[in-house]
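Beneath this line is the structure, given in structure tokens, with notes to follow.
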């Protein structure tokens, strides 16, 4: 498996392979073709960051630009999903959930249950998350905890090119609605990705690094921050196990708890704001089901309870970084 | 227009309207007796709208409905006994007692769901119409909205998207004059909802929603346009509801006697029966036979609902996901 | 690098894809007199953990690398020198080594670090060629494996021969859709591979199912096969761990996979996270479970092997070596009992993946 491509290319490849495999797979979103109706090039953008570039030439009408009208087209994707299609709908930034959340959490998420098990809503909502682009408060958030809280939704937060391809193919083939959160800072990350189609099951955490002293649970971009911290700590003889849950709903509780059983010490890293976050959720899980294994309080490294600032220095302070993670690990190790 | 309607069609239309009316009148009574839990919004008075549209739909056509959805369900062919059991919250209900009045759905018959969110349906209907368009089925989607939903952003977004994508979709606005307790002459900024259609690049028509024949004719035109690739249309049915916004609504925002007057003078079923017997060669006996049939069906539905079991405790946890 | 009898111990390259290794544990102390083959340290690679054995004789004078260090190939791990070399000379040696050491560039230009693809028998097969001897050796991996199973075999053999390793159809990075998964059909793929890369005849080394395939190739095409080495081969008796086979085909979780892979080795510690992850990644590629099911059905019926090549082996009249681990839990070493026409070695205490567990012994038998 030596071919290396970027996270962004891996997303494109997953979409391409699934559209080729299954005619019911369609794509819709703002500028996913880019240029429809304008006098210049068709397929001019291929997504605001070029993720869907090249698909229009292959699949024509099956990839559709939309008006800037998230409630309208997210709802249309949901409706099409109940009508035999497998739409992959792009909500450009997760921050835009505010204008279309009803169609996601009151409609898509609840159909199966409200309709007595008789609905199938295989819709994927791809959306960018995360700070680090100097994109300020309304284009930088990590709002996956809000979706994770909704029964009926599955939520995916991939951290690597390999994972993003396998998880996206799984999301498209999955019969339940999936919120697929792509960290924009990871788009240029390269990694080994098989050329063939493959899937990664939801609810299976990845043990990114094995270790015996402290468990670090981290998601999305934070996996890489945690790995940097773990490498630095290894030099001082502190061995960290880094666990990437990969999906927040379903959550692989077992892998987290088993790791904590071995290490007794845990740091949860989450780029989301601290209240009602994955950090607090996982901390509560460990407090409830792994209390007897703990040798130190659970440490949380999260963004502060503030919006994402614009100023670069402030934004860098906002995002959890390896130094903060390292400090949290040392704190749990030094706890008497 | 009536030339397209056979006697058989007219008897079917009468049966549907009458079924809706009897269903709603009976739910009103049973609700008052305490047999039905939750929120119930009744469709009585608006039967010509659902029926004139519904009888022209193919099985694979899809409708998106709203909280006042019983009539749309019946007109699209959802099983009446299952509906009644659902309204009672029973295991044998259309949604196994987990949806209730506001969420009755039956995707197999093309009914995408009543909807507890005003304006929830229009974007969903765009999706159903898109599926028809991409699959080139010649099918269409209809979304029923009230005057309340006509003011929702989702509705405007759906109207815009439907034209942008040239979807086979018909927006049917059932303007009964009240959004909950607020009059539409206050809450709708223009005189008629249909005036909004040109702004979204589609034709709009105002139709007397008490007149089955007018409803039928207007929808025939919109459906033909949708099925032949001509894009979406808007139809505004001016009509009245005979009950409150929900059961338990004392309706003190309405003039005294308004409902009584409407039941006497603006009843779409009475109007239909008069036309059927005077102009279409249908006898009063034929209609009476249908009345009896419908009465028996509703009795049967209530008995079925009342005698059906509740969902089991373990049903609390089922059908959240297909696989988790 | 060596100088005045001072010898560098460096990170080995195990297999084509290895670019770095992680130091797990030193197995020798400073001051220990080492001879070739003595265990020096445990190293973990992306594929598997293994014990690195001394290549040279001398006293282990300095441990340079520390546990948990992740180092590129060729990086300095430690220093061996005669006892009479003074410490200052050792220090100078280390300083000079570190100053001149340049980690290898990950060779992306060459594409897949030595891997290539060839069309053969209607399949796209991934293969790697090492060495350039006149003698040709083709390595045939087993069920569910891939050419990486030869990570510790191919390079040592390549000192004496041109050594080819390829992924069977349905495996590794070769085509996944298997038309006919029978051993006879897969033997034809071996011949097609040899045709495609231009080998007239070769020694075949086969492991497990690959052993049966190699043997069948020799039976069906005696002119193409000079000699055989069969490692824990299928096809020589009825017994097989059917639970392993069906479990492997069905498995989609890390835990199950780890348990299954531990069946393959005597020392369960050899199965690390990366190996489990690799196997799961392979299993999750579209078409793989179906391909494996097809191939599994081609040589066993759920409980027993359906193929008996003992007679064919006896009649072959070619040099045949058979190697087995006595603790093999997949195909019992007892299948080597009374085998006519073969030179049998049973290595005590090793499991089914004996070529990974007993690297030095197996390579010595194979003539590396």
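The values are calculated or read from the model by the stated rules, or taken from the named source; none is laboratory data. What you are looking at is a predicted structure, and each value in this text was computed from that prediction instead of being measured. Note that we place each Cβ from the backbone using ideal geometry, even for glycine, and neighbour counts take in every protein chain shown.
Things to note:
- Each residue in segment A:180-200 was checked for being facing chain C (nearest Cβ under 9 Å), more than 9 Å from residue A:158 (Cβ to Cβ) and touching a helix residue (DSSP H, G or I) at 6+ places or on another chain (Cβ under 6 Å), and 3 of them qualify.
- Answer residue from segment C:229-255, given it is within 14 Å of chain A (Cβ to nearest Cβ) and touching a helix residue (DSSP H, G or I) at 6+ places or on another chain (Cβ under 7 Å) and is surrounded by the fewest Cβ atoms within 10 Å (Cβ to Cβ) among those: C:252
- In segment A:13-29, the qualifying residues are those that are away from chain C (no Cβ under 14 Å) and surrounded by 21 or more Cβ atoms within 10 Å (Cβ to Cβ), and the one that is nearest to residue A:162 (Cα to Cα) is A:15.
- Checked against (1) buried (at least 24 other Cβ atoms within 10 Å of the Cβ); (2) without any contact (Cβ under 8 Å) to a residue 60 or more places away in the chain, residue B:63 passes all but condition (2).
- Single residue of segment A:227-241 satisfying the filter (part of a loop (DSSP other than H, G, I, E, B) and at pLDDT below 95) that is nearest to residue A:160 (Cα to Cα): A:235
Yes or no, residue by residue, for (1) within 17 Å of residue A:107 (Cα to Cα); (2) touching a helix residue (DSSP H, G or I) at 6+ places or on another chain (Cβ under 6 Å):
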site	(1), (2)
A:124	yes, yes
A:130	no, yes
A:135	no, no
A:138	no, yes
A:150	yes, yes
A:155	yes, yes
A:162	no, no
A:169	no, yes
A:175	yes, no
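- Residue among C:274, C:296 that is within 14 Å of chain A (Cβ to nearest Cβ) and either in contact with a helix residue (DSSP H, G or I) (Cβ under 8 Å, 6 or more places away or on another chain) or assigned to a helix (DSSP H, G or I) (or both): C:274
- Residue satisfying condition, being buried (at least 16 other Cβ atoms within 10 Å of the Cβ) and under 26 Å from residue B:40 (Cα atoms), within set B:301, B:276, B:292: B:301
- The condition of being within 19 Å of the chain's Cα centre (by Cα), at negative phi and buried (at least 20 other Cβ atoms within 10 Å of the Cβ) holds for only one of C:354, C:346, that being C:354.
Okay, residues lined up against (1) surrounded by fewer than 18 Cβ atoms within 10 Å (Cβ to Cβ); (2) more than 27 Å from residue C:281 (Cβ to Cβ); (3) not assigned by TED's automatic domain parsing to the domain that holds residue C:128:
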| position | (1), (2), (3) |
| --- | --- |
| C:162 | no, yes, no |
| C:167 | no, no, no |
| C:170 | no, no, no |
| C:175 | no, no, no |
| C:184 | yes, yes, no |
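- Residues satisfying the stated conditions in segment B:267-285, i.e. part of a helix (DSSP H, G or I), over 25 Å from the mean Cα position of the chain (by Cα) and closer than 12 Å to residue B:14 by Cβ: B:277, B:284
- Scanning segment B:139-150 for residues that are within 12 Å of chain A (Cβ to nearest Cβ) and either closer than 27 Å to residue B:183 by Cβ or modelled with pLDDT under 95 (or both) gives a single hit, B:143.
- Residues of segment B:60-83 satisfying the condition of being touching a helix residue (DSSP H, G or I) at 6+ places or on another chain (Cβ under 7 Å) and under 20 Å from residue B:14 (Cα atoms): B:70, B:71, B:72, B:73, B:74, B:75, B:76, B:77, B:78, B:80, B:81, B:83
- Only one entry of A:264, A:237 meets the criterion of being more than 14 Å from chain C (Cβ to nearest Cβ) and closer than 27 Å to residue A:336 by Cα, and that entry is A:264.
- Residue B:89 being surrounded by fewer than 24 Cβ atoms within 10 Å (Cβ to Cβ) and not in a helix (DSSP H, G or I): yes
- Identity of the residue in segment B:110-169, without any contact (Cβ under 8 Å) to a residue 12 or more places away in the chain and not in a helix (DSSP H, G or I), that ends up surrounded by the most Cβ atoms within 10 Å (Cβ to Cβ): B:117
- Flag for residue B:6 being surrounded by fewer than 24 Cβ atoms within 10 Å (Cβ to Cβ) and either under 11 Å from the mean Cα position of the chain (by Cα) or without any contact (Cβ under 8 Å) to a residue 60 or more places away in the chain (or both): yes
- Criterion (within 22 Å of residue A:51 (Cα to Cα), modelled with pLDDT under 95 and more than 7 Å from every other protein chain (Cβ to nearest Cβ)) met by exactly one of A:133, A:96: A:133
- Where residue B:310 falls short, out of the listed (1) surrounded by fewer than 19 Cβ atoms within 10 Å (Cβ to Cβ); (2) away from chain A (no Cβ under 14 Å): (2)
- All conditions in (1) part of a loop (DSSP other than H, G, I, E, B); (2) modelled with pLDDT of 95 or more; (3) more than 14 Å from chain A (Cβ to nearest Cβ) hold for residue B:300, with the sole exception of (1).
- If you go through segment B:44-84 and keep only what is within 14 Å of another protein chain (Cβ to nearest Cβ), within 20 Å of residue B:299 (Cα to Cα) and not in a loop (DSSP other than H, G, I, E, B), you end up with B:73, B:82, B:83.
- Qualifying positions in segment B:120-138 - more than 17 Å from residue B:56 (Cα to Cα) and more than 8 Å from chain A (Cβ to nearest Cβ): B:121, B:133, B:136
- Only a single criterion out of (1) more than 19 Å from residue A:23 (Cβ to Cβ); (2) without any contact (Cβ under 8 Å) to a residue 24 or more places away in the chain; (3) away from every other protein chain (no Cβ under 14 Å) is not satisfied by residue A:57, namely (1).
- Taking the criterion of being under 17 Å from the mean Cα position of the chain (by Cα) and more than 7 Å from chain A (Cβ to nearest Cβ), the residues of segment B:95-105 that qualify are B:100, B:101, B:102, B:104.
- Scan of segment A:111-130 for residues that are assigned to a loop (DSSP other than H, G, I, E, B), within 13 Å of another protein chain (Cβ to nearest Cβ) and touching a residue at least 24 places away in the same chain (Cβ under 8 Å), ordered by number: A:119, A:120, A:121, A:122, A:123
- Test for residue B:30: is it under 23 Å from residue B:243 (Cβ atoms) and in contact (Cβ under 8 Å) with a residue 40 or more places away in the chain: yes
- Verdict on residue A:105 being more than 9 Å from chain B (Cβ to nearest Cβ), without any contact (Cβ under 8 Å) to a residue 40 or more places away in the chain and within 23 Å of the chain's Cα centre (by Cα): no
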